[in-house]
1. Taking GLU250 as the residue in question, decide whether it is in contact with a strand residue (DSSP E or B) (Cβ under 6 Å, 6 or more places away or on another chain) and touching a residue at least 24 places away in the same chain (Cβ under 8 Å).
2. Could you list, in sequence order, all residues of the stretch 296-311 that are open to solvent by 10 Å² or more (accessible area, probe 1.4 Å) and within 21 Å of HIS246 (Cβ to Cβ)?
3. Within the stretch 235-280, work out how many residues are part of a helix (DSSP H, G or I), touching an Asp or Glu at 6+ places or on another chain (Cβ under 8 Å) and among the hydroxyl-bearing types (Ser, Thr, Tyr).
4. Looking at this structure, is ASN4 closer than 22 Å to TYR188 by Cα and not in a strand (DSSP E or B)?
5. Is there any pair with a first residue in the stretch 217-240 that is touching a residue at least 40 places away in the same chain (Cβ under 8 Å) and open to solvent by 30 Å² or more (accessible area, probe 1.4 Å) and a second that is of a type in the set (Gly, Ala, Ser) and outside any strand (DSSP E or B) whose Cβ atoms are under 6 Å apart and which are 6 or more apart or on different chains, and what are they?
6. How many residues are in a loop (DSSP other than H, G, I, E, B) and either closer than 25 Å to ILE205 by Cβ or in contact with a Phe, Trp or Tyr (Cβ under 7 Å, 6 or more places away or on another chain) (or both) if we restrict to the stretch 79-108?
7. Are there any pairs with C-beta distances below 9 angstrom linking a residue in the stretch 152-169 that is in the same structural domain as SER103 (by the TED database) and within 18 Å of GLY192 (Cα to Cα) to a residue that is open to solvent by 40 Å² or more (accessible area, probe 1.4 Å) and in a strand (DSSP E or B), with the two at least 6 apart or on different chains, and if so which?
8. Mind listing whichever residues of the stretch 241-253 are surrounded by 15 or more Cβ atoms within 10 Å (Cβ to Cβ) and either in the same structural domain as TYR164 (by the TED database) or closer than 27 Å to VAL148 by Cβ (or both)?
Amino acid sequence: MLNNKVKVALVDSGIDINHDYLKGNIIGGISFECDNDYIIATDNYEDENGHGTSCASSIKREFDDVEIFVVKVLGKNGRTSRQIFEEALKYLLNMDIRLINLSLSVTTNEMIQDLHEICDELYRQGKIIVCSLANGFEESYPAVFNNVIGVKGFILESENSFWYNKDKRIQCIMDNNPYMNCNINNSYRLFGKCNSQSTAKLTGIIARILSKKHDITFEELNNELENLAVKNDWEDKDFLASKRYHDFKEGLYDKDNSILLGTANVVKEVLKLNKSDDDIYKYSLFNRKIGLNNDNCYEVLKKLEEKFDIKFDYLSISRYDFVSIQTLTDLVAKNILNS
């Protein structure tokens, strides 16, 4: 069966409209903001934060033929108001878009009745809302509404696996190992270990299902997701039992290996470490002594490309590739071999 393109409404901080990876998938957008107590709509949905752009690339990684309609509600600081959020959802009532990604959530239960009624109307129209649980919370809205699919991220027992139970308050637990994702200014960053990425991943999976079963109902979709999940029932203790851990891969390369030394020198240069410092061989690169973080991984990769005359497939690179200087060297060596 041929896949059909699927439209997704991305309610977030906007999108980098000129990003090489995403620009062919953008079909339009709108921005909502507050000005002197009035909510105004404009066609400026350019991303100033990066969150929406990262979520968009997480969706596309799961389903390449996605068509993204951008609904910008988050500002540069990544925040919005309940009124803007509700206005954006009301706008989608009139759109011919079935799948809605909300990688944002309201954490207080005050005045949520209006939000529930809007989501209920979207549900009655056959629209599918996928919403992240607020990071660090047990409940947030509309993630826990019964007319919405709620998502929480966790490092699970296997890569890209998820748990699903349609009867739970938060129906989906999605593996959220961070990957390199698109960022503003046509760049990339390590994005994940958060409920936002997990939600975008599930939205992409659902888009792939809709491409083959366009008329699937909400109830049928829930059954399909339960069939695809590796686990359908769980308790809190199951989270610790399932978790997988980084492989440091100590001793993978000898210390006089030229690729290892070149990789280490690049990391030291980017992170402004002393060239004679051997701590880089002892600790995880994300250790405070070393200083790697989600934002400077991209700079390290760009410098490695220059030094070794290689080109990375950024979207295939995860946090596991940055665990240690050994794992990063392994990434470089594999790209040299394949170049």
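The values are calculated or read from the model by the stated rules, or taken from the named source; none is laboratory data. Since the model is a prediction, treat every value here as computed from it, not as a measurement. Note: ideal-geometry Cβ built from the backbone for every residue, glycine included; neighbour counts use all protein chains shown. All accessible areas refer to the heavy atoms of the entire protein, side chains included, with ligands and DNA or RNA removed. Shrake-Rupley method; radii C 1.70, N 1.55, O 1.52, S 1.80 Å.
1. Numbers: in contact with a strand residue (DSSP E or B) (Cβ under 6 Å, 6 or more places away or on another chain): no; touching a residue at least 24 places away in the same chain (Cβ under 8 Å): yes.
In short, no.
2. Taking the stretch 296-311 first, the residues open to solvent by 10 Å² or more (accessible area, probe 1.4 Å) are 296, 298-299, 302-303, 305-311.
Within the stretch 296-311, ASN296, TYR298 qualify.
3. As a first pass, look at the stretch 235-280 and keep what is part of a helix (DSSP H, G or I): 236-242, 258-270, 279-280.
Filter once more, so that each one left must be touching an Asp or Glu at 6+ places or on another chain (Cβ under 8 Å): 242, 260, 268, 270.
If we keep only those that are among the hydroxyl-bearing types (Ser, Thr, Tyr) as well, we get 242.
Total meeting the criteria: 1.
4. Details: closer than 22 Å to TYR188 by Cα: no; not in a strand (DSSP E or B): yes.
For ASN4, the condition - closer than 22 Å to TYR188 by Cα and not in a strand (DSSP E or B) - is not met.
5. Taking only residues 6 or more apart or on different chains, the pairs are VAL230/SER161.
6. Looking only at the stretch 79-108, we keep the residues that are in a loop (DSSP other than H, G, I, E, B), and these are 79-81, 93-98, 103-105, 107-108.
Those left that are additionally either closer than 25 Å to ILE205 by Cβ or in contact with a Phe, Trp or Tyr (Cβ under 7 Å, 6 or more places away or on another chain) (or both): 93, 95-98, 103-105, 107.
Qualifying residue count for the region: 9.
7. Sorted first by the residue in the stretch 152-169, then by its partner, the pairs are LEU156/LYS231; GLU157/LYS231; SER161/LYS231; PHE162/LYS231; TRP163/PHE154; TRP163/LYS231.
8. Going residue by residue through the stretch 241-253, those that are surrounded by 15 or more Cβ atoms within 10 Å (Cβ to Cβ) are 242, 246, 249, 252-253.
Matches in the stretch 241-253: SER242 only.
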